[in-house]
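So the structure is just underneath, and the comments pick up after that.
Please treat every number below as a calculation from the coordinates, not as lab data. Values in this document were obtained by computation on a predicted structure and should not be read as measured data. Neighbour counts run over all protein chains shown; Cβ positions are idealised from the backbone, glycine included.
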């Protein structure tokens, strides 16, 4: 089952290489991502219904948490591939891209999907390998536009994330060292399943050291401050559908790595050490995002800094711990993925129309592009945590858990940061959305594909804000059980 | 038994030589000699892996030693030389921090790593030697990345860090399971290729590979 899921994007990627024109490559791509989504949903169903799946001699493995990541990856991946047709098609029509580049884009796109799915289903600390692969592929996606700024962003991204991931490798080695002492030198000594069973016997000193390295390493990739410096560059310079994947999904994949290690490390070191580290890094991320969001001039960078903020919130949620802290954090991963992708899609349309990323040069979106404008406002309200949207629920859960468990100072700080960011962020959004359209802007929406993609996402943002279906809640609780 | 292998004088000598190659890179002004020193360093690492493989008799580690030899001591240096030749880059390293302060900082980093690792009491005397060498490789690699102007040297810095981790892994645990090791080799190789592509792009777009040029995206 798992191998089919991995094979789907890989095959799609190969098939894309043999296409002749735009029509063909788009058909292959959309068919591929539908297949991936379908297989992903089947996997999710099987895991939640019948328990974990293992295959390929234990090297692939899917429990509830993996399945949850697979759900996020395949869902956003599908929607972003819809959006790609509209967005990249527009670039193609305007001559920014030729067929060679378009084909390369889709090849890399599905390869990127493959690596992200691999992160979710690796039964192994070899997760590291998959995360490094995501960096490699996405750096190539960034340099599709041969602009100076995208090359600079790609180089920074590549260098900083590779260094970060090197630290994570050191943490992984230390964990393996701790495990070998207990389990002996078997190939299994890196597998989640065998690790978690004996994690409480690991040497706490080594595990503390290991967790610090893992947190810094994967934290770099997850965009936690102060290792986030590559993130705004990379997320703003990538093609917009890729920005959505980077912000919505890839950050979650890195977070997934941290949370897996958190579970193992906590069993050995006790909660206080790991939780405090997560809360500190989380608060730092929010704190650093505040001034950059308030003073931001570039709307794609604005969204990127908002991702730093939300990764911080997830880290804090895990740090608060307890059923509700973790539940909130896990739910936040999903909500952030949906909402942030929606926002990127909306500003992507704005970018296509205005051909500038400056906030000050854009206004009156609601008038010139009514649907995109509405999405921009709804998404902007949602991403800043206002009710009745989905992110409000998860942020509220995290805050409630923080206050009820006596993390008063950090909860107050969290609340304060969220409120300031709300004001700063929404100020920018309303400047863009309202007012009179800039002269020379012709009214009218972008392609229907982009509207369809946003339509799917807004459903999740709205529904999960009002009510969480029972099956989804059960899923979340299964994930919480694993993380705890 | 494990301690015996790592403690053997042969091993100590090789680890010392690995440190020497690192300082050769720090103290060199010419790109070619940096690449050569890196190649020697990887060769020595392959020797470490070879000795461990010989004394444990595990085929896995033989494979790892062989791959280190092929990929890190031969293919990656070759890619470096190819890039240097193709983009006709000036053959000098160009530094933010001069050679002699660089060497002093390198020395300080080594001493810090040594005492840091020593302070972890759980490690035996002997594996702490190789682990402190590993730590110094990681920190000196990082220092090379931030103190050299050329994008090529940043790439080299990352590879030195990676070598340091390899040394750490092999001295702590005799390497990771084979599947994971293979994956890491794969990633390193692909990573070097992609960075190579990026360097070509940087050179074509900015007509230089000084990272000074890459400072426009801020805020």
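Observations on the structure shown:
- The stretch A:256-335 and the stretch A:43-119 have Cα centres spaced 24 Å apart.
- Estimated from helices alone, the mean residue ellipticity of the protein assembly as shown at 222 nm is -26500 deg cm²/dmol (sum of -39500 (n - 2.57) over DSSP H runs with n ≥ 4, per residue).
- Mean Cβ neighbour count within 10 Å, used as a protection proxy, ranking B:15-21, B:136-142, A:391-397, A:173-179 highest first: A:173-179, B:136-142, A:391-397, B:15-21
- Relative contact order for chain A, counting Cα pairs under 8 Å that sit 6 or more residues apart, in percent: 16 percent
- Cα pair distances exceeding 32 angstrom across chain B, given as percent: 19 percent
- Helix A:64-93 and the longest principal axis of the C-alpha atoms of chain A enclose an angle of approximately 20°.
- Neighbour-count order for B:39, A:360, fewest beta carbons within 10 angstrom listed first: A:360, B:39
- Scattering profile of the stretch B:77-162 at q = 0.13, 0.14, 0.15, 0.20 Å⁻¹ [log10 I(q)/I(0), Debye over alpha-carbon scatterers]: -0.51, -0.57, -0.63, -0.91
- Using equal-weight Cα scatterers in the Debye expression, the normalised intensity of the stretch A:1-88 in log10 at q = 0.12, 0.18, 0.23 Å⁻¹ is -0.39, -0.76, -1.05.
- log10 of Debye I(q)/I(0), alpha-carbon scatterers only, for the stretch A:155-302 at 0.15, 0.16, 0.18 Å⁻¹: -0.78, -0.86, -1.01
- Taking other Cβ atoms within 10 Å as a rough exposure proxy, A:155, A:230, A:56 sort from fewest to most as A:56, A:230, A:155.
- Average Cα contact separation per residue, the stretch A:283-484, under 8 Å, 6 or more apart, as relative contact order %: 31 percent
- Volume of the convex hull of the stretch A:300-403 (Cα atoms only), normalised per residue: 84 Å³.
- Calculated P(r) of the stretch A:257-326 - Cα pairs past 13 Å, %: 65 percent
- For peptides A:362-375, A:248-261, A:19-32, sequence by mean Cβ density within 10 Å, most packed first: A:248-261, A:362-375, A:19-32
- Cα-Cα P(r), the stretch A:419-484, percent of pairs per 10 Å interval: 14, 22, 34, 20, 8, 2
- Across all C-alpha atoms in the stretch A:1-147, the radius of gyration and Dmax reach 15.7, 50 Å.
- Whole-number D in µm²/s for the stretch A:389-447 (Stokes-Einstein; Kirkwood sum over Cα pairs; 25 °C, 0.890 mPa s): 170 µm²/s
- Quotient of Cα Rg and 2.2 N^0.38 Å for the protein assembly as shown, N being how many residues it contains: 0.93
- Helix A:99-121 vs. chain A, principal-axis angle (Cα, 0 to 90°, nearest 10): 30 degrees
- Reciprocal mean inverse distance between Cα atoms of the stretch B:1-130 - Kirkwood radius, Å: 16.5 Å
- For the peptide A:35-48, the mean number of other protein chain Cβ atoms found within 10 angstrom of a residue's Cβ is 0.
- Peptide B:185-191 shows a mean partner chain C-beta count of 4 within 10 Å per residue C-beta.
- Normalised contact order of chain B, rounded percent, pairs of Cα under 8 Å and 6 or more residues apart: 21 percent
- Residues A:345, B:66 arranged by fewest to most Cβ contacts within 10 Å: B:66, A:345
- For the stretch A:145-187, alpha-carbon Rg relative to the globular expectation (2.2 N^0.38 Å, N residues): 1.89
- Compared with the dominant Cα axis of chain B, that is its longest principal axis, helix B:151-173 is turned about 10°.
- Temperature 4 °C, viscosity 1.567 mPa s: under these conditions the Stokes-Einstein estimate for the stretch A:363-484, based on its Kirkwood radius over C-alpha pairs, is 78 µm² per second.
- Here the stretch A:51-127 is described by how far its Cα atoms reach on the three principal axes: 48, 19, 16 Å, from widest to narrowest.
- Peptide B:153-165 has a mean of 3 when you count, residue by residue, the C-beta atoms of other protein chains within 10 Å of its C-beta.
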